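Reviewing the structure listed below.
The values are calculated or read from the model by the stated rules, or taken from the named source; none is laboratory data. None of the values given here were measured: they were computed from a predicted structure. Note: ideal-geometry Cβ built from the backbone for every residue, glycine included; neighbour counts use all protein chains shown. The area values use the complete protein model at the heavy-atom level, side chains included, leaving out ligands, DNA and RNA. Shrake-Rupley method; radii C 1.70, N 1.55, O 1.52, S 1.80 Å.
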Amino acid sequence: CCSLIHQARRPVKGAEPPGQRTGLLLQLSDVIMVGPGRHRIRASILETTHDLRPCFRGDIQLFLDDPDAQTPPLPGDVLAVCTIPKPIRNKGNPGEPDFASLQAARDIHVQASAAGKDVLLLDHRDQGIWDVMFSRSRCWVERSMHRYLHDSAAADLASTLLTGHRVSMDPDLLKAYADTGVVHVIAISGLHLGMIYGLILWLVRPLLSRWGRSRAAGMIILPVLWIYACFTGASASVIRSASMFTGNGLAMAMGRKQSFLNGLGSSAMVLLAWRPDWIFDIGFQLSYAALLSIAMFQPRLRAFIRTTHPIARMIWDLVMVTIAAQVLTAPLVAWHFHRLPLLFLFANLPVVPLSSLTLLLGILICLLCWSPILAEPLGRSTTFLIHVMNGQVMGMDAVPHASLTELHPGRIQILIIYVMILLLRSSCQNTCLLTISLCWMGMVACLMLGSQEASRHERQRVLVIFQTRRQSLCALVEGTDMLVLADPAENRDSMSRVRCIDQAVAFYRCRPPTLVRLVPGTTFDWMPAREDWRIVCGQGGYHLLDRSSGVMVSVRNGAYREGDDRTADRNATVWSVADASCALWKIHRWESSAEGVPSRFHSVPEQGAFVLNMDQPSRSAPR
C-alpha cells in the first residue's frame, strides 16, 4: 500500500506532471458491472495523500477497468488507488444530460478512472450469503442456458429474460427490440414478476385452501418475489412491481380488495421517498406511465367490442392493453428517444406470448437441469421459440417507415399533449364543446411551437468540438446539415463517438450526418446550401475557415508541437482550441511556455466542449 501511495507522488514519464496523481484509500459501497472487467463503483474516501476534503465533498465515483482480475470488487472492499480525482462536471456536449446535478443529488461530487495496475486490494470483504447466492445463481442460470440451448445468441437472450443482465446480448438485436417497441419483454418488470406470482399462487393456493388459509397465499409468495427482484438487480421497474404485489398480498391476507390506483400511487411515494433520483430514471417514468395509462384507458377501449369466446377475449384484451399503454408512454418515448414505433401492436401481439412461454420454459429448464433427458427437448423448444421471436422483431424492424423518426418535442409541447389527453379522457362520457375547443387550441399551439423551432433550426450555424475520451471529434452544423470530423483511427472509442454524435443530431435536429476522417495533409471544402467551409488538416491539428464570415478556428490535437500554428493566418484566427485528444500536461506546458497560447484559447479537457455560434462569432462565448 505504501509503495502504491508513494508512486502517486512520483512523476510518470510521458504522462501528467508531479502532484497530479493522488493516492486514495477507498471503501466501496456500490459496485455495478458495466461490461466485461469494467465496473462503476461508488466509494467513500477514507484517506488521501492530498487533502481533498476542502475541495471535494461526498463520495467518489470510480470507473475501474480490470479485465484480468481474479475476483470482482464487492461492496465493503477497501482499495488503495493511484489515480487523478476530478470534480464531476458536465462535458458540455450538445444534448448531453445534466450528469453533475444528478450525481450531486446522490451526494457524489468526485470521479476518477483507474486500471488494474493502479489498484491494490487491502481488505476483501467476505461475500455474504445473499451475494454468494445471487452471483452463483446467475452463473448457474447462464451455464444451464448455454448447456441446453445450443445457439449462443438464443442462450444469451434466455439468460437475459431470466436474470435481467443484458451485458452479453447482441447490441443490434437489442436495438431492434427497442425500435419496434417490445424492449419491455426483455427488461425484468411486472410481466415477469406477474408470471412468477401467478405460477406460485396457482401451486400454493390449492394446498392452503385445504387448511383454510387461502388468504395467506399472497404473503407466502412475497419473499420469493423480493428475492427475485434483488437477484435481477433491483431496478426501478422491478421494485415498483414487487411493491405493488406486496400491497396486493397484504390486501389478500386481510380479505380486502386493493385499489389499483391507490397501490400505484402509494408505491410511487414509497420509492421516491427511498430514492428521489429515480424520478429522472427513464424506466421509472415509463413503468408508471404505462400502468396509469392502462388503468385509465383499457376499460374504455375494452367496452367497444364484447366477446364471450375465451380465446377471442384473451386476444382482444392483449390488443387493448397494448394500445392503452401507448397513450401516456408515447410522449415520453418521443421525448427521450426521438422516435415512435408505429408497428408496436403487430410486434407485441406475437412477441409477448412468445416471451412469456420462453420465460416459462427457461424456468422449467432450470428446475429440470439435473435430467438431460427432460431438459434437452425443452432447450430445443426454447431455441426454436427464441428464433421465431427474434425473426419477428427483426422483420418488423426491417419494414420501411416502421417508426416515426426525428421527433423532437419540447417540454411545453409534452405538457400540452398530456393536458389534451386528460381533457379527452374526462370528456369520454359527456362531450363538451369547451373541451373540444381546448384540445384544438392545444393542437394548434403544438404545431406553432414545432414550426417555430423548425424555423430556428433551419437558420442555425454552429461549430462544436466535443469532449470525448482522448480523441478528436468536431461537428459543423449548417441548418439541418451536419459534417462530422473524426479521428482517422478506427480503434478509438467508437461508442463514445456515436453517443456524442447522436446526442448532437437530436439536439440540433439535423439529418443523418456526413462523416469525414481527419487525415493529415488533406484539404477539402464543404458547401452546404449557401455557406462555404475550408478544412485544412495538419499533423498537429486542423484549421476550420468559414469563408462567409472570415472566422477561423485552429484546433490542436494530441500530436501538436509548438510552431505548428505558423501555417495558419494569425490575423484571421479567432479561436485556438485544444481538443479532447490533448493531455493536460501538454496544455499546461503550452500555457507556461514562452510562446504561450492565444488570448482566445479554449481547453476542451478542462473547460468542456467548445460550442461556437457562427451567426454571431464575435459575441458568442463557448460553454
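Taking every DSSP helix (H) stretch of at least 4 residues in the chain, weighting each as -39,500 (n - 2.57) and dividing the sum by the residue count yields a mean residue ellipticity at 222 nm of -15500 deg cm²/dmol. Accessible area per residue was computed with a 1.4 Å probe on protein heavy atoms; Lys86 scores about 100 Å².
Using heavy atoms of the protein chains and a probe of 1.4 Å, the accessible area assigned to Phe610 is about 0 Å².
If only the Cβ of Lys and Arg carry +1 and only the Cβ of Asp and Glu carry -1, the dipole of the chain around its Cα centre is close to 1520 debye.
For segment 381-389, putting each phi into the Karplus relation 6.51 cos²θ - 1.76 cosθ + 1.60 with θ = phi - 60° gives couplings of 5, 5, 4, 4, 5, 5, 5, 5, 5 Hz, in residue order, rounded to whole numbers and with x for Gly and Pro. Principal axis extents of the Cα atoms in segment 87-127, from largest to smallest and rounded to whole angstrom, are 41, 23, 17.
Taking the longest Cα principal axis of the chain as reference, the axis of helix 217-231 is set at about 20 degrees.
Placing unit charges on the Cβ atoms of the charged side chains and taking the dipole of the chain about its Cα centre, the candidate lying farthest along the positive direction among Ile436, Leu149, Val182 is Ile436. For Ser241, the solvent-accessible surface with a 1.4 Å probe is about 0 Å², rounded to the nearest 10. Taking a label point 7 Å from the Cα of Thr49 along the Cα→Cβ vector, which residues of segment 69-86 have an amide N closer than 11 Å to it? So the set is 81-84.
Taking the average, over residues, of other Cβ atoms within 10 Å as the packing measure, peptides 99-106, 220-227 rank 220-227, 99-106 from highest down.
Of all DSSP beta bridges confined to the chain, the antiparallel ones make up roughly 75%. The alpha carbon centroids of segment 146-189 and segment 374-403 are separated by 11 Å.
If the segment from Leu423 to Ser437 were pulled out straight at 0.36 nm per residue, it would be longer than the present Cα-Cα gap by 4.0 nm. Compute the long axis of helix 190-210 from its Cα atoms, compare it with the longest principal axis of the Cα atoms of the chain, and write down the angle in degrees, 0 to 90, nearest 10. The angle comes out at about 30 degrees.
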